[in-house]
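The values are calculated or read from the model by the stated rules, or taken from the named source; none is laboratory data. Just so it is clear, the model here is predicted, and its values are computed rather than measured. Don't worry about glycine lacking a Cβ; one is built from the backbone with ideal geometry, like all the others, and counts go over all protein chains shown.
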Amino acid sequence: MSHEAISIADMFKIGVGPSSSHTLGPWKAALRFLQSLKNKNILQQVKSVEVLLYGSLAKTGIGHGTGVAVQLGLCGEDPVTFDVNNIHARMNDIKAMKKLVLHGLHEIDFDPGEDIEFLYAESLPFHPNALTFLVTLVNDEKFAETYYSVGGGFVVKEGETNDDLNNVTLPFPINTAENLLHWCMKTGMSIHEVVMENETAWRTENNTRQLSLNIWRVMKECMYRGCHTEGSLPGGLNVKRRAFELNKRLLKDKPYSNYEEWIGCIQQGGNDFRYILDWVSCFALAVNEENASFGRVVTAPTNGAAGVIPAVLQYYVCFAGGDTDEKVFQFLLTASEVGSIFKKGATISAAMGGCQAEIGVSSAMAAAALTESLGGTQRQALMAAEIAMEHHLGLTCDPVKGLVQIPCIERNTMGAIKAITACQLALQSKPDFAKVSLDSVIKTMWDTAVDMNSKYKETADGGLAVNVPISLSEC
C-alpha cells in the first residue's frame, strides 16, 4: 500500500504567526512561486505580479496577515529566520514606495492595495485555502500558478500528486494507528523508536536530534517571551495579554534573569494541583499571544494550535521528570507521528475540518507523547490520543473578526489540559477494554468535517465570529 512520508520536520515547522494555513502557507507558496520563476529563467523578465486569494484565505486573510506573508515571501524572506520585529517596517516601505523586490533581486511595481485581491465570494474546489499568482512579463506574456495551503504550513501546487511529493521510502511505512501499532508489536520498539528509524530516511539520528532540540528551543523562547511581554494584541480587538500578569502573580516577584532560572523559580512553587493547572494555562497563553502578535512560533501541528504541545511538554519538563534533552526528543518524535496519522486520515486544516483539526489534533499529539513519556505502553499512548480527540469532535473554527485571538488563545489552554487528562485516563486504563480506536475516531473526525457547515470552518461567518458584538478600531 502506498504511504505518505511525513517527517518530524514537516509536522513541526518554525515560522511566523498568526496562522500556519493563512500566514506560513501563503508565505511558503510565494517562495515556491519564486523558485518556479527562477527555474524558468524568467525572474528578471517579470513586469508585474498580482495575487488572488480565494475562499477562507480571503475571508480571514486580513486578520491572519495573509497579504503580509505573501509580500514577504515574494521578497524572498525566510519565515524561519526573518526578524519579526521588522515586519511592520517592511510592509510600510512597500506600501509607501509601491515597489517590491522579487527574491531581493528584481524590483517591480507593486501596490498591495491593488495587486492583492481578496475574492470573498469565490472558492476553488480542491481546498478552501487557495491563492493564484498572475504574472505579466516585459514582453506582455502572461501566465499563472495556483497553490493551496492545506494546513500546518503544508503547500500543494495545482496539479501535484502525492507521488510527486513522496520520493522517500520509509523502513516502517505508516498511514494509520493500526500500522504504527503493528510495527511496534513486530519489532518490540516503542513509538518514538519506530519514528526515529523512519527519520533516518531523511537524515542521521544526530541531525534529527539536533533538529528536534532546535524546535524545542524555539518553543521555549516563545513561551518565555510571551510570559514577559505585556500590553494588548494587535488587530483592533484590544485583547489584553494575560500570560504576563499570570506569570508575575504566580512567581510572586521571585528574581531571575533567564529561562533556566525562570524554570527553577516555577519548580520552587511546589506541586499543588491548582498551581500546576495555572502554569499549564500560562504556558499555552504565552505561546498563542505571541502567535497572535506575528511572533516566531512552531506549527504543532498548526500555528492556531501552537500552544498545546509546548505547554504539555513544559509541564512534563517542570513537574513530571522530563527535564533531559533525550526525554524531550522522544516526546517530540511520538507527537509528530500521531499528528502525521491525523493528517493522512483526516486533516489538520481548520478550513477543512474546523478547530477539531487544530486544537483537537494537537491535544491528541500531546496526550500520546506524554503517555509514552510517563511509562505508558504503545497502546496506552494511542488510547490517550483517541480520548483527547474524542472530546474535541465537532469543535468549530469561528475566529472573531478573523483574528487568531478569540476563542483561539483560550482553546489552547483547554487543549493542553485535556491532553494531560487523557494521558492520566489512559495510564489508569487497560486498552483491551477500550471501545473506540484511534483510527475510528480519526475517521469520525473526517466524517464530521465533511458534514460541518462551511461557516464554522475558519471563515468567520458563524459561531462566536457573528455573535460577539465587538467593533474594530483597525484591521
Given the conditions (1) touching a Phe, Trp or Tyr at 6+ places or on another chain (Cβ under 9 Å); (2) closer than 24 Å to LEU332 by Cα; (3) surrounded by 21 or more Cβ atoms within 10 Å (Cβ to Cβ), report the number of the one that TYR259 does not fulfil. (3)
Does LYS343 meet the test of being surrounded by fewer than 24 Cβ atoms within 10 Å (Cβ to Cβ), assigned by TED's automatic domain parsing to the domain that holds SER437 and under 24 Å from VAL450 (Cα atoms)? yes
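Tell me yes or no: at least one residue of segment 323-338 is β-branched (Val, Ile, Thr), within 19 Å of ILE6 (Cβ to Cβ) and not assigned by TED's automatic domain parsing to the domain that holds SER56. Show your work before the answer.
Here is the first cut: in segment 323-338, the residues β-branched (Val, Ile, Thr) are 324, 328, 334, 338.
Keeping just the survivors that are within 19 Å of ILE6 (Cβ to Cβ) gives 334, 338.
Now drop any that are not not assigned by TED's automatic domain parsing to the domain that holds SER56, which leaves 334, 338.
Looking for residues that are β-branched (Val, Ile, Thr), within 19 Å of ILE6 (Cβ to Cβ) and not assigned by TED's automatic domain parsing to the domain that holds SER56, one finds at least one in segment 323-338, hence yes.
Quick grid of which residues meet (1) of a type in the set (D, E, K, R); (2) within 14 Å of ALA69 (Cα to Cα); (3) in contact with a strand residue (DSSP E or B) (Cβ under 9 Å, 6 or more places away or on another chain):
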| site | (1), (2), (3) |
| --- | --- |
| VAL84 | no, yes, yes |
| ILE87 | no, yes, yes |
| ASN92 | no, yes, no |
| MET97 | no, no, no |
| GLY104 | no, no, no |
| GLU114 | yes, no, yes |
| GLU122 | yes, no, yes |
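To keep it simple, each residue is scored yes or no on (1) among the hydrophobic types (A, V, I, L, M, F, W, C); (2) part of a loop (DSSP other than H, G, I, E, B).
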position: ILE387; (1), (2): yes, no
position: LEU393; (1), (2): yes, yes
position: LYS418; (1), (2): no, no
position: ASP432; (1), (2): no, no
Among the candidates ASN162, ASN175, ASN129, single out the residue that is of a type outside the set (A, V, I, L, M, F, W, C), modelled with pLDDT under 95 and over 28 Å from SER48 (Cβ atoms). ASN162
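Only one residue in ASN214, ASN288, ASN207, ASN198 is within 30 Å of ILE62 (Cβ to Cβ), assigned by TED's automatic domain parsing to the domain that holds GLN330 and in a helix (DSSP H, G or I), so which one is that?
Values: ASN214 fails: within 30 Å of ILE62 (Cβ to Cβ); ASN207 fails: within 30 Å of ILE62 (Cβ to Cβ); ASN198 fails: within 30 Å of ILE62 (Cβ to Cβ).
Exactly one of ASN214, ASN288, ASN207, ASN198 is within 30 Å of ILE62 (Cβ to Cβ), assigned by TED's automatic domain parsing to the domain that holds GLN330 and in a helix (DSSP H, G or I), namely ASN288.
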Expected single match for at pLDDT 95 or above, under 30 Å from GLY339 (Cβ atoms), outside any helix (DSSP H, G or I) and of a type in the set (D, E, K, R) among GLU77, GLU117 is GLU77
Looking only at segment 322-338, decide whether some residue is closer than 16 Å to ASP439 by Cβ and either touching a helix residue (DSSP H, G or I) at 6+ places or on another chain (Cβ under 6 Å) or free of Cβ contacts under 8 Å to residues at least 24 places away in the same chain (or both). yes
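Quick check on my filter: what residues within segment 191-233 are in contact with a strand residue (DSSP E or B) (Cβ under 7 Å, 6 or more places away or on another chain) and either surrounded by 15 or more Cβ atoms within 10 Å (Cβ to Cβ) or not hydroxyl-bearing (Ser, Thr, Tyr) (or both)? Show your work before the answer.
The initial filter retains those residues of segment 191-233 that are in contact with a strand residue (DSSP E or B) (Cβ under 7 Å, 6 or more places away or on another chain), namely 215, 218-219, 222, 232.
Scanning segment 191-233 gives ILE215, VAL218, MET219, CYS222.
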Could you list, ordered by first residue, the pairs with Cβ atoms under 9 Å in which the first is in segment 393-413 and assigned by TED's automatic domain parsing to the domain that holds LYS443 and at positive phi and the second is among the small types (Gly, Ala, Ser) and surrounded by fewer than 20 Cβ atoms within 10 Å (Cβ to Cβ), at least 6 apart or interchain? LYS401/GLY236
Has segment 98-110 got any residue that is outside any helix (DSSP H, G or I) and more than 19 Å from LYS47 (Cα to Cα)? no
SER7 fails exactly one of the following numbered conditions: (1) assigned by TED's automatic domain parsing to the domain that holds SER149; (2) out of contact with any strand residue (DSSP E or B) (no Cβ under 8 Å at 6 or more places or on another chain); (3) among the polar types (S, T, N, Q). What is the number of that condition? (1)
Restricting to segment 114-150, what's the tally of residues that are in contact with a His (Cβ under 7 Å, 6 or more places away or on another chain) and among the hydrophobic types (A, V, I, L, M, F, W, C)? 1
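Given the options HIS228, HIS182, name the one that is touching a residue at least 12 places away in the same chain (Cβ under 8 Å) and either of a type in the set (S, T, N, Q) or not assigned by TED's automatic domain parsing to the domain that holds VAL84 (or both). So that I can check it myself, show each step before the final result.
Numbers: HIS182 fails: touching a residue at least 12 places away in the same chain (Cβ under 8 Å).
So the residue among HIS228, HIS182 that is touching a residue at least 12 places away in the same chain (Cβ under 8 Å) and either of a type in the set (S, T, N, Q) or not assigned by TED's automatic domain parsing to the domain that holds VAL84 (or both) is HIS228.
Which residue out of ILE42, ILE62 is surrounded by fewer than 22 Cβ atoms within 10 Å (Cβ to Cβ), in contact (Cβ under 8 Å) with a residue 12 or more places away in the chain and more than 25 Å from PRO234 (Cβ to Cβ)? If you could, list the steps in order and put the result at the bottom.
Working: ILE62 fails: more than 25 Å from PRO234 (Cβ to Cβ).
Unique residue meeting the criteria: ILE42.
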If we scan segment 442-457, do we find a residue that is among the aliphatic types (A, V, I, L, M), crowded, with 17+ Cβ neighbours inside 10 Å and farther than 27 Å from THR60 by Cα? no
Exception for GLU458 within (1) at pLDDT 95 or above; (2) in contact with a helix residue (DSSP H, G or I) (Cβ under 6 Å, 6 or more places away or on another chain); (3) of a type outside the set (Ser, Thr, Tyr) falls at (1)
Contacts under 9 angstrom Cβ, first residue in segment 256-274 being over 16 Å from GLY321 (Cα atoms), partner among the β-branched types (Val, Ile, Thr) and surrounded by 10 or more Cβ atoms within 10 Å (Cβ to Cβ), 6 or more apart: TYR256/ILE263
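Considering only segment 235-245, how many residues are modelled with pLDDT under 95 and surrounded by 19 or more Cβ atoms within 10 Å (Cβ to Cβ)?
Residues of segment 235-245 modelled with pLDDT under 95: 235-238.
Imposing the further condition that a residue be surrounded by 19 or more Cβ atoms within 10 Å (Cβ to Cβ) reduces the set to 235, 237.
Here the count works out to 2.
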Which number in (1) in contact with an Asp or Glu (Cβ under 8 Å, 6 or more places away or on another chain); (2) among the hydroxyl-bearing types (Ser, Thr, Tyr); (3) over 17 Å from ALA305 (Cα atoms) marks the one condition that THR377 misses? (1)
